[in-house]
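Data block below; observations after.
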Amino acid sequence: MLLQVTGITKSYGIEPVLDGINLQILERERIGLVGVNGAGKSTLLKIIAGEISYDSGQIFKAKETSIGYLAQNSGLNSDRSIWGEMMLVFAPLIEAEQELRQMEQEIADPANAQNEKRYADLLERYARRSDWFKDHGGYEMETRIRSVLHGMGFGSFAPETPVATLSGGQKTRLALARILLLAPDVLMLDEPTNYLDIQTLTWLEDYLRGYSGSLLVVSHDRYFLDRLVTTIIEIERHRSTRYTGNYSCYMELKAAEYETNLKHYEKQQGEIARMEAFIQRNIVRASTTKRAQSRRKQLDKMERMDRPMGDLKKAHFSFETAFMSGKEVLEVRDLSVAYEGKKPLFQHASFDLKRGDTVALIGPNGIGKSTLLKCLTGSLKPAAGSIHWGTKIKIGLYDQEQTNLNPANTVLEELWSEYPHMEEARIRTVLGNFLFSGDDVLKKVSTLSGGEKARVSLAKLMLREANVLILDEPTNHLDLFSKEVLEAALMDYDGTLLFISHDRYFLNKMAERVIELHPEGIQHFLGNYDDYVAKKQELEEIALEALEAGQATRSKTSAASASVTDETTPKSRAATYAADKQAKSEERSRQRKLEALENQIKVLEEQILGLEEQMTLPEIYQDYEALQEIQAQLDNHKQELAQTYAAWEELLED
């Protein structure tokens, strides 16, 4: 165990934030910390990191355990270059390297060799320091820096680029790169996926999965949590609950736990009702008074269960359309965008939207996705190309920067100024659906958190009753539960939807078509994010095979032109016969292997089906340990099946 937190409490004034939080972190454990906005997740990380105090409880940490903490949106401020800032992480190694160079000069000095004892001590010191330098990664530090910088999106940046010239998002990514290089025993990250594009996110996940230390991560990225963590700690109503598994497992376990507790509660309530009815019927009769009194004693001694509490209050809303649009919604042809005096961000971008389409626009950061949306809504003029909207179109725009909000307005005024003819009671009802009740509606927009501003923007968007929604990163700043509410509302929306998102869970759930923006145009993919990834991988494999085939053809042509063999000789005929015989033998062997693999696939598929049927049985589903054991067997069988299929496909292609 690297770290243990026991009974931690924290209050601000009379408002409790944390009340009896328990947490333990084992070696190489990957923990996701979840809860609604304001639950106290960031507060807990700051307490563990020693940045703020706590009211009561204990934190136990091994003396040699190092802890690294990266706060949410905490950019790196420095007057050094990117490379200089990263090299600073390895200051002890750089110092050791300087010592080694100094000792090498002393060893090379003939004067030192005259004193044998002193020279022997020098060699021994050099050997010890050299081993320490090697063991602590001295020879790999520059390679590690280049690898992490490239993975975090700084591969194209000159090493001498001053940190001060970077944008806020770039500084945040650089701060994350720095703490990854520090590699503490316990790495605590608060929303590390902010400002990361999909390519960088994928790299970060792979890097953290291979991380040698332990991880405690706060994230609203459900795809990230599913791929990375093996334990979920939920903070709800100021207390913590531990769940084994990733985010999807946690959601299933929590739902099953609630259903089980509710059944136990209802069963006990039924038993209490029956006992009370018996007492009422029999307490006044002399012949049954003793039995009634006995039941009353049982009832008094019974430990009564509290009714299990469901989810915390959630926002709830839906997107309606004022009228139906025409069938042809949007036609974009050869669109190019360029800022004055600079090369185009992108060009030759073309795509269509039909009524009812749900389309995701993706691409790396800086490619111009948000700029493209600005062109569609008329706030920016493209350099070239055409944009044609269809008939009866009413557009609703969600801007990730929240530029459509007036900081001087109250929440109530913000909606009322947009819809002045609407009654105050109706406005307040809508705001209540978005969790703004009572005096909350009188808060100034300027004082709201990112999540609260997002909910105000969504409330305005809902009231617009648009038949085309254009959303730029709609899940940013929303907690996990609000994201699920938004997804449910959009799933029921009968208009046309075009959205930008880095939230791969959201992309998987919502997208029916993916369009990827490149500098030279748009690439189209049917399906959701997983379908897009699979198709991209398939295209890359096809391109690689074509390249290898071309190289092989060129090699054979060169070999044929270099050596011409007379195949009419007896020796050639014998060689041809032997080659044919060998080929037939290899083909028979290949067919036998294919049959064996097909039989193995059949057996594995039957075993997987049997295990899946077992998991639906009530006695298994309600037994958590049995369920986990069967799930482990199922995962092993599925992995073996995938490997067998791969081997079968490889043989089939030979």
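The values are calculated or read from the model by the stated rules, or taken from the named source; none is laboratory data. Everything numeric in this text was worked out from a predicted model, so none of it was measured. All Cβ positions, even for glycine, are placed from backbone atoms using ideal geometry, and neighbour counts span all protein chains on display. Accessible surface areas use protein heavy atoms only, side chains included; no ligands, DNA or RNA. Shrake-Rupley method; radii C 1.70, N 1.55, O 1.52, S 1.80 Å.
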Extreme residue, nearest to S11 (Cα to Cα), among residues of segment 57-82 that are surrounded by 13 or more Cβ atoms within 10 Å (Cβ to Cβ) and more than 28 Å from the chain's Cα centre (by Cα): G57
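Would it be correct to say that G168 is under 31 Å from the mean Cα position of the chain (by Cα) and modelled with pLDDT under 85?
Numbers: under 31 Å from the mean Cα position of the chain (by Cα): yes; modelled with pLDDT under 85: yes.
Yes.
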Test: residue in segment 171-179 that is in contact (Cβ under 8 Å) with a residue 60 or more places away in the chain, of a type in the set (S, T, N, Q) and surrounded by 15 or more Cβ atoms within 10 Å (Cβ to Cβ): yes
All positions within segment 421-431 that are part of a loop (DSSP other than H, G, I, E, B) and either in contact with a Ser or Thr (Cβ under 6 Å, 6 or more places away or on another chain) or open to solvent by less than 80 Å² (accessible area, probe 1.4 Å) (or both): M422
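Hey, could you check segment 513-554 for residues that are β-branched (V, I, T) and under 17 Å from D197 (Cβ atoms) and say which is farthest from the chain's Cα centre (by Cα)? Step through it out loud before you land on a result.
Applying the first criterion (β-branched (V, I, T)) to segment 513-554 yields 514-515, 522, 533, 542, 553.
Now drop any that are not under 17 Å from D197 (Cβ atoms), which leaves 514-515, 522, 533.
Working: V514: 19, I515: 21, I522: 25, V533: 15 Å.
So the residue we want is I522.
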Positions within segment 163-208 being in contact with an Asp or Glu (Cβ under 8 Å, 6 or more places away or on another chain) and farther than 20 Å from L45 by Cα, in sequence order: V163, A164, L174, L201
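Any chance you could count how many residues in segment 441-467 are open to solvent by less than 50 Å² (accessible area, probe 1.4 Å) and in a helix (DSSP H, G or I)?
Count: 15.
For (1) part of a loop (DSSP other than H, G, I, E, B); (2) touching a residue at least 60 places away in the same chain (Cβ under 8 Å), each residue gets a yes or a no:
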{"site": "L44", "(1), (2)": "no, yes"}
{"site": "G57", "(1), (2)": "no, no"}
{"site": "T65", "(1), (2)": "yes, yes"}
{"site": "Q72", "(1), (2)": "yes, yes"}
{"site": "E104", "(1), (2)": "no, no"}
{"site": "Y119", "(1), (2)": "no, no"}
{"site": "A127", "(1), (2)": "no, no"}
{"site": "I145", "(1), (2)": "no, yes"}
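Would you confirm whether any residue within segment 221-232 is assigned to a loop (DSSP other than H, G, I, E, B), modelled with pLDDT under 85 and acidic (D, E)? Even if it seems obvious, please write down each step before you answer.
Step one: filter segment 221-232 for residues assigned to a loop (DSSP other than H, G, I, E, B), giving 221, 229-230.
Now narrow it down to the ones that are modelled with pLDDT under 85: none.
Looking for residues that are assigned to a loop (DSSP other than H, G, I, E, B), modelled with pLDDT under 85 and acidic (D, E), one finds none in segment 221-232, hence no.
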Tally, over segment 341-381, of residues that are open to solvent by less than 20 Å² (accessible area, probe 1.4 Å), in contact with a helix residue (DSSP H, G or I) (Cβ under 8 Å, 6 or more places away or on another chain) and part of a loop (DSSP other than H, G, I, E, B): 1
Residue satisfying all of: in segment 386-420; buried (at least 17 other Cβ atoms within 10 Å of the Cβ) and small (G, A, S); farthest from D440 (Cα to Cα) among these: G390
Residues being of a type outside the set (F, W, Y), open to solvent by 20 Å² or more (accessible area, probe 1.4 Å), at pLDDT below 90 and under 16 Å from the mean Cα position of the chain (by Cα) - total across segment 468-512: 4
First in segment 440-462 and closer than 19 Å to V36 by Cα and modelled with pLDDT of 85 or more, second anywhere and of a type in the set (D, E, K, R) and in a helix (DSSP H, G or I), Cβ under 7 Å, 6 or more apart: V456/E414
